[in-house]
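A short worksheet on the structure shown next.
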Amino acid sequence: MTSPAPLILYTREGCHLCDQVILMLREAGLDWREVDIEDAPALADTYGLRVPVVALEGTTRELDFPFGQEKLVAFAGSDAAG
């Protein structure tokens with residue numbers, strides 16, 4: 001079994017829902033990195049009203065909030081083929 005692709009959490013400063021997802025990611029012990037959409041206009045255009053969004057790095061797969069930890073862990077472990 002291969003390890004899951006690292007996750008990207010698209011977020012913005014002051015997002016309380018993003019804080020909830022960060023807590024879920026930490027509790028699950030998943031490999032992830034945070035990307036603030038305000039640092040790139042194209043990301044702000046794409047994710048502005050959708051944050052928090054978790055994506056599988058290197059794929060087109062995304063998980064839009066709301067979701068629970070069980071769904072997040074399943075998403076992280078899903079086939080990263082995209």
- Message: Among the residues in the range 38-56, are any open to solvent by less than 30 Å² (accessible area, probe 1.4 Å), at pLDDT 95 or above, within 13 Å of Phe75 (Cα to Cα) and touching a helix residue (DSSP H, G or I) at 6+ places or on another chain (Cβ under 6 Å)?
- Response: yes
- Query: What number of residues within the range 38-62 are farther than 13 Å from Leu17 by Cβ and aliphatic (A, V, I, L, M)?
  - Reply: 6
- Query: Hey, any hits in the range 21-31 for a residue that's assigned to a loop (DSSP other than H, G, I, E, B), touching a strand residue (DSSP E or B) at 6+ places or on another chain (Cβ under 8 Å) and either open to solvent by 90 Å² or more (accessible area, probe 1.4 Å) or not small (Gly, Ala, Ser) (or both)?
  - Reply: yes
- Item | Matching residues, the range 56-82, being more than 16 Å from Cys15 (Cβ to Cβ), outside any helix (DSSP H, G or I) and touching a strand residue (DSSP E or B) at 6+ places or on another chain (Cβ under 8 Å) | Leu56, Glu57, Arg61, Glu62, Ser78, Ala80, Gly82
- Which residues, counting only those in the range 57-66, are surrounded by 15 or more Cβ atoms within 10 Å (Cβ to Cβ) and in contact (Cβ under 8 Å) with a residue 40 or more places away in the chain? Phe65
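The values are calculated or read from the model by the stated rules, or taken from the named source; none is laboratory data. Computed from a predicted model, the values in this text were never measured in an experiment. Glycine also receives a Cβ, built like all others from the backbone with ideal geometry; neighbour counts cover every protein chain displayed. Protein only, heavy atoms only, side chains kept; ligands, DNA and RNA dropped before computing areas. Shrake-Rupley method; radii C 1.70, N 1.55, O 1.52, S 1.80 Å.
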